[in-house]
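Colleague: Shown below is the structure under consideration.
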Amino acid sequence: MDAKREVQIERQIEKVKRQLAALGDLRPGSLSTQFNVCGSPGCRCKATPPEKHGPYYQVSFTRKGKGSSKFIRKEDLPAIRKQLKNYETMKILVDQWIDLATELSNLRITRNRP
Ligand SMILES: [Zn+2]
């Protein structure tokens, strides 16, 4: 019974690995859009109603506990969106792998018990 489940889990892990290998470029973070006001007196961004500058696109992310952000050119948005999506998919797949690996480990240490 457990041996059958082990084979099943092994197959699922192989599938997760294949999906990870096929992911392509990825990037952590979330995309936001901003409109800014500048310092020039009489600029359209201070008119009534204001016409603010932008949109500006920015990816915010945290790595090793440190938050940071990067401005993104409009023409790079499709690629960046795809990379952000790939990163989220990667995290879901790694989470699945961890759950499967833990279950597999539990089955094996139980089976090998004398
Ligand atoms: Zn302005």
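Every number here is computed from the coordinates shown, using simple stated rules; none is lab data. Because the structure is a prediction, the values reported are computed rather than measured. For neighbour counting, all protein chains shown are included, and Cβ atoms are generated from backbone atoms with ideal geometry for every residue, glycine included.
Colleague: Sum up the charges of everything whose Cβ sits under 12 Å from the Cβ of Glu103, counting Lys and Arg as +1 and Asp and Glu as -1, but leave Glu103 out. Intermediate values should be presented prior to the final figure.
Modeller: Values: positive: Arg5, Arg108; negative: Asp2, Glu6, Glu10, Asp99.
Here the charged neighbours net out to -2.
Colleague: Check the straight Cα-Cα distances from Lys74 and name the lysines below 22 Å, setting aside those fewer than 8 residues away within the same chain.
Modeller: Here the lysines satisfying the reach criterion relative to Lys74 are Lys52, Lys82, Lys85.
Colleague: Moving to a separate point now. Using the beta-carbon distance between Lys85 and Arg113 and R0 = 35 Å, what value does 1/(1 + (r/R0)^6) give for FRET efficiency, to the nearest 0.05?
Modeller: E between Lys85 and Arg113, to the nearest 0.05, is 0.20.
Colleague: Pairs of alpha-carbon atoms within less than 8 angstrom and 6+ residues apart define the contacts here; what relative contact order does the chain have, in percent?
Modeller: Values: 114 pairs, mean separation 37.7, N = 114.
Worked out over the chain, it gives 33 percent.
Colleague: Grab the alpha carbons of the chain, take their convex hull, and tell me the volume per residue in Å³.
Modeller: 141
Colleague: Sticking with this structure for a sec: Give the lysines whose C-alpha is closer than 29 Å to that of Lys4, dropping any in the same chain fewer than 8 places away, or say none.
Modeller: By straight Cα distance, Lys4 reaches Lys15, Lys17, Lys91.
Colleague: So, one more: For the charge dipole of the chain, defined by +1 on Lys and Arg C-beta atoms and -1 on Asp and Glu C-beta atoms about the Cα centroid, which residue among Phe71, Thr89, Leu26 has the Cα displaced farthest towards the positive pole?
Modeller: Checking the options against the dipole of the chain, the answer is Phe71.
Colleague: How big is the charge dipole of the chain about its Cα centre, in debye rounded to the nearest 20, if each Lys and Arg gets +1 on its Cβ and each Asp and Glu gets -1 on its Cβ?
Modeller: 220
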